[in-house]
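The structure under discussion appears below in the form of structure tokens.
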Amino acid sequence: MLVVAVLTGAWLLGLLPGVDTTGTRRTVPSPGVEASDGPLGTPLTPTAGGTFAFAQLQDDGVAPVAYDPCRPVHYAVRPDNAPYGGDQLIADAVAQISAVTGLRFVADGPTDEAADEQRAPFQPDRYGDRWAPVLVTWSTVAEQPDFVADVAGQAGSLAVSLGDGPDVYVTGAVELDAAQFADILSRPGGQAVARAIVLHEFAHLVGLDHVDDPTQLMYPTTSDVLGFAAGDLTGLSRLGSGACVPAL
Ligand SMILES: [Zn+2]
């Protein structure tokens, strides 16, 4: 039984109305960086049953907004304030998300960029001519006032589109509460709880929303569920089957 119920919020970075590539100063990277002709991996076959919800839907109201499976999802970690073993928590979550969605992740190593809800998705001076990598931070309460409460983390991604094309996630952020993780990890059984929370946040990152079903990992508070259940897996599998959009 868990002592503290830890809320974990989804964090939508918003939706750009479209991408303007005609200006004199580029506000987006060159199109198709690292895009392959086909998906880089294969999602797991969905299991039956369970509930899931997507953070954002396409205009058809059915298909989820997802990352482009034909190119890798880069991520960079700001190591400041990380708890002992924090890197491994992130690596384990990324490996699991990748195995279920088929999305290929690439670790870009450390960054000194801080979390910012107005974060620019294209930062050529820092990251070069490509969409900025997903930013993972261990934030303090001073940096993220939401962490004063029981919130242990938040995550979300930014979708862009070209005209009538599908919305596609191009970057995102995972913000983890440094102090709360240090506390959780110090408790008996805390390692498994910490792993579950990071996994939950990375599921938000790739496009899952909360469900009102305590048997799923995407239930908004921590429970006895410490890994993906049937609904989580089905939703993640769908999120690994998004459109390839090399024009972005
Ligand atoms: Zn959550």
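The values are calculated or read from the model by the stated rules, or taken from the named source; none is laboratory data. Predicted model only: the values in this text are computed from it and were never measured. Neighbour counts are summed over all protein chains in view; Cβ atoms, including those assigned to glycine, are modelled from backbone coordinates with ideal geometry.
Applying the criterion of being surrounded by fewer than 24 Cβ atoms within 10 Å (Cβ to Cβ) and within 16 Å of the ligand (Cβ to nearest atom) to the residues of segment 149-163, the residue that is nearest to residue 114 (Cα to Cα) is 151. Exactly one residue out of 99, 93, 107 is within 16 Å of the ligand (Cβ to nearest atom) and not in a loop (DSSP other than H, G, I, E, B), and it is 93. Checked against (1) modelled with pLDDT under 95; (2) part of a loop (DSSP other than H, G, I, E, B); (3) of a type in the set (A, V, I, L, M), residue 179 passes all but condition (2).
Given the structure, is residue 134 in contact (Cβ under 8 Å) with a residue 60 or more places away in the chain and touching a strand residue (DSSP E or B) at 6+ places or on another chain (Cβ under 9 Å)?
yes
Screening residue 169 on (1) among the hydroxyl-bearing types (Ser, Thr, Tyr); (2) over 30 Å from residue 31 (Cα atoms); (3) at pLDDT 95 or above shows it passes everything except condition (2).
A single entry from 224, 146 fulfils the requirement of being out of contact with any Ser or Thr (no Cβ under 8 Å at 6 or more places or on another chain), in a loop (DSSP other than H, G, I, E, B) and either away from the ligand (no atom under 12 Å from the Cβ) or under 25 Å from residue 121 (Cβ atoms) (or both): 224. The number of residues in segment 205-236 that are of a type in the set (Gly, Ala, Ser) and touching a Phe, Trp or Tyr at 6+ places or on another chain (Cβ under 8 Å) comes to 3. Just one of 189, 231 is on the phi > 0 side of the Ramachandran plot and more than 15 Å from the chain's Cα centre (by Cα); which is it? The unique qualifying residue is 189. Taking each residue of segment 192-207 that is of a type in the set (Val, Ile, Thr) and looking for partners that are within 11 Å of the ligand (Cβ to nearest atom) with beta-carbon atoms closer than 7 Å, six or more apart or interchain, yields 193/222; 197/6; 197/8; 197/152; 197/153; 197/222.
Here is the figure for segment 117-140: residues that are modelled with pLDDT of 90 or more, in a loop (DSSP other than H, G, I, E, B) and surrounded by fewer than 16 Cβ atoms within 10 Å (Cβ to Cβ) total 4.
Looking only at segment 169-184, decide whether some residue is surrounded by 17 or more Cβ atoms within 10 Å (Cβ to Cβ) and within 18 Å of residue 53 (Cα to Cα). So far as segment 169-184 goes, yes, one or more of its residues are surrounded by 17 or more Cβ atoms within 10 Å (Cβ to Cβ) and within 18 Å of residue 53 (Cα to Cα).
A quick yes/no check of all residues on (1) among the aliphatic types (A, V, I, L, M); (2) farther than 30 Å from residue 34 by Cα; (3) within 15 Å of the ligand (Cβ to nearest atom); (4) not in a helix (DSSP H, G or I):
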| site | (1), (2), (3), (4) |
| --- | --- |
| 193 | yes, yes, yes, no |
| 202 | no, no, yes, no |
| 212 | no, yes, yes, yes |
| 245 | yes, no, no, yes |
| 248 | yes, no, no, yes |
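The single condition from (1) surrounded by fewer than 23 Cβ atoms within 10 Å (Cβ to Cβ); (2) touching a residue at least 12 places away in the same chain (Cβ under 8 Å) that residue 214 fails is (2).
Within segment 46-71, the residues that satisfy the criterion of being surrounded by 18 or more Cβ atoms within 10 Å (Cβ to Cβ), of a type in the set (A, V, I, L, M, F, W, C) and in a loop (DSSP other than H, G, I, E, B) are 52, 53, 55, 65, 70.
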